[in-house]
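Here is the structure we will look at, set down as structure tokens.
Please treat every number below as a calculation from the coordinates, not as lab data. Quick caveat, the model's predicted, so the values are computed rather than measured. A quick note on method: Cβ atoms are made from the backbone with ideal geometry, for glycine too, and the neighbour counts reach across all protein chains shown.
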Amino acid sequence: MRNYHLRRNTKWCPTLNLDKLWTLVSEQTRLKYKDVEGKAPVIDLVKAGYYKLLGKGRLPKQPVIVKAKFFSKLAEDKIKAVGGACILCA
């Protein structure tokens, strides 16, 4: 039987938890945006190799802008609670 119509890896979606989110940012960038009002670092999860952000863990009280393909509801709520933003990218 030929299976040309089947797509490989249709369920492949690497994930990252909120408690590991700040490991993608260097220490210099973290200190640069620590005391600045009105600015926040942008973390692109797709460039880092992750597609979905899950809501396990805590975030520091520092706002952050996160770009990803998928967000869990809890992760989105926690990011918005500290003043950050969630951006969906294709």
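For this structure, a couple of remarks:
- Net charge contributed by nearby residues that have their C-beta within less than 11 Å of residue 81 (K/R +1, D/E -1): +2
- Formal net charge of residues neighbouring residue 33 (Cβ-Cβ distance under 12 Å; K, R +1; D, E -1): +1
- Per-peptide average of other Cβ atoms within 10 Å, ordering 67-79, 29-41, 4-16 highest first: 67-79, 29-41, 4-16
- Dividing the summed -39500 (n - 2.57) terms of all DSSP H runs of n ≥ 4 by the residue count of the chain sets its mean residue ellipticity at 222 nm at -5000 deg cm²/dmol.
- Dipole magnitude (debye, nearest 20) for the chain, charges at Cβ of Lys, Arg, Asp, Glu: 460
- For the range 34-86, a Kirkwood hydrodynamic radius built from all Cα pairs, placed in the Stokes-Einstein relation at 25 °C and 0.890 mPa s, yields a translational diffusion coefficient of 216 µm²/s.
- Mean shadow area of the range 10-53, taken as a quarter of the surface of its Cα convex hull (nm²): 3.6
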